[in-house]
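As structure tokens, the structure follows; a few thoughts come after it.
The values are calculated or read from the model by the stated rules, or taken from the named source; none is laboratory data. For clarity, every value in this text was computed on a predicted model and none was experimentally measured. Because the Cβ atoms are built from the backbone with ideal geometry, glycine has one as well, and the counts that use them run over all protein chains shown.
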Amino acid sequence: MTQADCRAQIAAHDRAATESPRRVEFIGLLALMMAVTAFGIDAMLPALPQIGGALVPDDPIRAQLVITSFIFGMGVGTFVTGPLSDFLGRKPVIAVGLVLYAAGALVSWAAPSMTTLLAGRLLMGLGASGPRVTVMAIVRDRFHGAEMARIMSLVAVVFMVVPAIAPSTGALIMHGAGWRGIFLFYALFATLALSWFYLRMPETLATAARRPVRLAMMRDALREMARLPVIRLSIAIQLMVFGMMFAMLSSIQGIFETAYDQGTNFPLWFMVIAGASAASGLLNSHIVMRIGILRIVRSTFAVQVVLTVGMLAVLALPLPRQVEFVFWMIWASSVFMQTSLTVGNVNALAMEPVGHIAGLASSLIAAFATIGSVVLAVPIGLASDGTPLAMALGVLVLAGLSLVLSWRLREG
């Protein structure tokens, strides 16, 4: 095929890709793909005590691994989904991902033991990595510049709603069908999402624009990234921030129930926390150009350290539980807000020197940060005794280290 033929094929493909679906439906489809990940984590939170009581009654704290096994699988899958979508096209990678997600949900639904359940959750995470990575590529295929940023911001606004409603959705399903019913919901959700996506979303990557998967390319990219201090620092900071957030996600329901007797109201309180996180993300988008990335990142970590020291002081004082709960809500919200104010900014710094391999670099950074965060989150979560103490100590160490590393970052 000549170069002119390739250009003609790509142009014809681009015209076809813009005909369907309409923009509102396009945004809805992409938000739905991203919701697969959020529902896969947050809808499980109300069910952790019941899962622990049913499958590991002698050590119910191990139910937290239902969250981190999903995240670990998603991190592993992120290594390959980006390059595969460049080689096979966007639709096949998302389709395979959603099939794996549904299959993992069915394995988890039928699981007779915690080991089988964790295997199913790992498979779900692997599947979720397909939509997680490929959605960004689809937007890059169809839009550019300010229009691309506008579409992604609209998708993000829709996506922000999901963490707020997912625990309530999980609790509602569990009330009617038990904790196993949540996994049937996952399988149905993935099936419906796949059907809608495959029927309405055209392939956005023309055959002539596809690139074969080359291990040598990944090796060279890893070597180039390893030589750049900003990449190393970004990965280290992101894995610590994600480590704090995933440890919090793993233990937050137990803390609400055990320490504050708010297990029944947990979905509503989590909605407040998720709302604060979404608001901080919107705040960041409005102030980052005026204040600068490094000032926001360093200030956020400094505030997190101060708030965590304050939380530890509150835990050491003989305060009424209702008063302590107010401080807990403020501090727990700050951990999620920290993620919104730092991860995107740090990642933007990391991507500046690797624009020529942006897709591959983005996948590798996300994979390393996600997998590394699980290594940190699991021991912090399992150390929980039902109070915020272990969580606060873990956050103090990780936020402090992140603050130190952030002073080694440089813009430009």
Picking from Ala47, Ala43, Ala31, the residue that is touching a Phe, Trp or Tyr at 6+ places or on another chain (Cβ under 6 Å) and under 25 Å from Gly386 (Cβ atoms) would be Ala47
- Residue within the range 221-234 that is touching a Pro at 6+ places or on another chain (Cβ under 7 Å) and either in a loop (DSSP other than H, G, I, E, B) or not assigned by TED's automatic domain parsing to the domain that holds Ala47 (or both) present: yes
Any residue that is more than 18 Å from the chain's Cα centre (by Cα) and either not aliphatic (A, V, I, L, M) or not assigned by TED's automatic domain parsing to the domain that holds Gln262 (or both) - is there at least one of those in the range 334-353? yes
Of the listed residues (Val306, Val297), the one being surrounded by 19 or more Cβ atoms within 10 Å (Cβ to Cβ) and closer than 20 Å to Leu398 by Cα is Val297
Exercise for the section: Determine if the range 349-363 includes at least one residue that is within 28 Å of Ala259 (Cβ to Cβ), surrounded by fewer than 22 Cβ atoms within 10 Å (Cβ to Cβ) and not β-branched (Val, Ile, Thr). Expected result: no
Pairing a residue in the range 113-124 that is outside the structural domain of Val76 (by TED's automatic domain parsing) with any residue that is in a helix (DSSP H, G or I) and at pLDDT 95 or above, where Cβ atoms lie under 8 Å and the two sit 6 or more apart in sequence or on different chains, gives none
- So is Thr191 surrounded by 15 or more Cβ atoms within 10 Å (Cβ to Cβ), outside the structural domain of Leu268 (by TED's automatic domain parsing), of a type in the set (Val, Ile, Thr) and modelled with pLDDT of 90 or more or not? yes
By residue number, the members of the range 391-412 that are surrounded by 17 or more Cβ atoms within 10 Å (Cβ to Cβ) and over 23 Å from the mean Cα position of the chain (by Cα) are Leu409
Checking the structure you have, find out if any residue of the range 283-291 is surrounded by 22 or more Cβ atoms within 10 Å (Cβ to Cβ) and under 23 Å from Pro163 (Cα atoms). no
### Message
Looking for something closer than 24 Å to Ser363 by Cβ, surrounded by 22 or more Cβ atoms within 10 Å (Cβ to Cβ) and of a type in the set (A, V, I, L, M, F, W, C) - is there at least one such residue anywhere in the range 252-260?
### Response
no
